Amino acid sequence: MGRITLGQAAAWCGGQIDPKYKDVSFFGANNDTRKLEPGQLFLALKGARDGHEFIEKAMELGAAAVLCQHCEGDIPAIVVEDVRIALGQIARQERMRKNMKVVGITGSVGKSTTKEMVASVLQTTFRVGKTPVNHNNDIGMPMAVLALPEDTQVAVLEMGMNHFREIAYLASIARPDYGIITNIGTMHIEHLGSMEGILQAKLEILEGMPENGKAFLNGDDSLLWNQHRREDIKTVFFGVRNTGCDVLGVDVTQTQEGMAFQAISGEQNISIELAMEGEHFVPDALAAVAVGLEMGVSPENIQKGLADFRNMSGRQEILEIDGYTIIKDCYNAGPESMAAALTVLGNRKGRRVAVLGDMLELGVCTQAEHYKVGRIAAEKADVLLAYGPNSPRMLNGARTGGMSEVKARAFTDRDRLIATLKQLAKPGDVILFKGSRGMRMELILEGFLKKEE
């Protein structure tokens, strides 16, 4: 594993160090003493708590050094004006120092799944590093870069945002050789104002790419298909509906194991099988096919990488528990992913129960989008249990769609929802749990499965 000395890091970020500590080295960084590993750089960030209060504990736990604005005592430390900015500067230089390619991924829906699929395809041929779960912001992504092993050949980095210029900042650190945009959806419209605003924010990933970079865009998304392209960057489109795409998915079918389709690129026709339900995963897989082909991965290895892929915990996991089929999709939610999850539920046999939490950060679209989801739930589910402040609006949509008062109910109290679900659920039911991260839908699932004492 490659290590960075304090002397190097201080030079990269313009920080101050005691010369006697210039040869002290660290591998990786962390801002949480509960997760800190010996030898890491402790980040004294100011958040809900001031990280400077934990410097002493971090050193006791084996931190190699500290990145901070101030410190007391004689310890290895880099003193800077802004810890967050200094972290980004160090990560940027470390990314450039490593002789590796970088795949950057952003989009409204499917970023994490696409990241994992791309990594699964590329690791059949290269030594691959990737951002861990939840490490897609201005703290997590730089930390992920610093944790990459020295022999990493390709880094697959997810980039999240909810405001303008956040992707631009992450791209300036990651400097992606390949940039993927999965789609343009309504998530974060509260902060970005419009779909066109969301498009512009996602396109910021191109700003960090070199002149010979390659952009991989979802050609089924009209906003991406029609966007102004950088002439010095090659654009590769992937999709299912738009026959003009460079990598096209055809003959999409649902199998007993998941999904199957043909990926066509020029003269190549690759048979792909996924152990995942839902057509909405096909574009994510096509992005992985497109990047794999561009980087020289053989069709056989592309097939293997996607066939072996399994989605992450909390993202549309299909569980068989106590006679119930549980669709656990609790990680996050927006209008597009809600519709996709309800489609998966609707294709299942048995009584279909949708337990849906609020979708956050929709701004002026909040009421309309919750109403639309309710209408979709009326078509795809037999029972709807809506949870959160916007649940009455979802309920209105469901009832307009034909669901009775008995079958569509709204809750603002989690315990009451759990009790109701326990009363109505029967073995053989298929139950979907989905909502925005802030709704903590996994707690409802845990409460439902908890045995009475």
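Quick notes
- Of the residues Leu385, Leu203, the one with the largest accessible area comes first in the ranking Leu203, Leu385, computed with a 1.4 Å probe on protein heavy atoms.
- Loop-resident sites, segment 165-238, for trypsin sites (Lys or Arg not before Pro), counting at most 16 other Cβ within 10 Å (DSSP): Arg165, Arg229, Arg230
- Residues of segment 4-25 falling in the label zone of His70, defined by backbone nitrogen less than 20 Å from a point 7 Å along Cα to beta-carbon, are 15-18.
- Rg(Cα) / (2.2 N^0.38 Å) computed for segment 118-242, rounded to two decimals: 1.06
- About the Cα centre, charge dipole magnitude for segment 238-325 (Lys/Arg +1, Asp/Glu -1 at Cβ), debye: 180
- Rounded to 5, percent antiparallel among DSSP beta bridges of the chain: 30
- Among the GluC sites (Glu not before Pro) within segment 326-428, those in coil by DSSP and having at most 10 neighbouring Cβ atoms inside 10 Å are Glu405.
- Inter-part distance where segment 109-171 and segment 258-300 are each reduced to a Cα centre, Å: 20
- Only the Cβ atoms of Lys and Arg (+1) and of Asp and Glu (-1) were treated as charged; on that basis the dipole of the chain about its Cα centre amounts to roughly 700 debye.
- Residue separation of Lys35 and Asp251 scaled by 0.36 nm, minus their Cα-Cα distance, works out to 73.2 nm of gained length.
- Each principal axis of the Cα atoms in the chain has its own extent, and those three values, largest first, are 73, 60, 40 angstrom.
- Shape call, segment 360-443: gyration tensor on alpha carbons, a/c limit 1.5: oblate
- Mean residue ellipticity, 222 nm, helices only, the chain: the sum of -39500 (n - 2.57) across DSSP H runs of n ≥ 4, divided by residue count and rounded to 500, is -10000 deg cm²/dmol.
- Overall shape: rounded for segment 1-99, with the ratio a/c of the largest to smallest alpha carbon gyration tensor axis below 1.5.
- Positive dipole terminus of the chain, leading residue within Ala201, Met161, Ile444 (C-beta point charges): Ile444
- Per-residue extension of 0.36 nm, minus the Cα-Cα distance of His163 and Glu150, leaves a gain of 1.4 nm for this segment.
- Loop-located trypsin sites (Lys or Arg not before Pro) in segment 262-363 (DSSP state not H, G, I, E or B) with no more than 14 neighbouring Cβ atoms inside 10 Å: Arg310, Lys349.
- Split the accessible area of segment 154-200 by element, probe 1.4 Å, and carbon with sulfur accounts for 50%.
- Simple point charges give the picture: +1 on the Cβ of Lys and Arg, -1 on the Cβ of Asp and Glu, and for segment 241-393 a dipole about the Cα centre of about 620 debye.
The values are calculated or read from the model by the stated rules, or taken from the named source; none is laboratory data. Bear in mind that the values here come from a model prediction, so they are computed numbers and not experimental data. Please note: Cβ atoms are built from the backbone with ideal geometry, for glycine as well, and neighbour counts cover all protein chains shown. Protein only, heavy atoms only, side chains kept; ligands, DNA and RNA dropped before computing areas. Shrake-Rupley method; radii C 1.70, N 1.55, O 1.52, S 1.80 Å.
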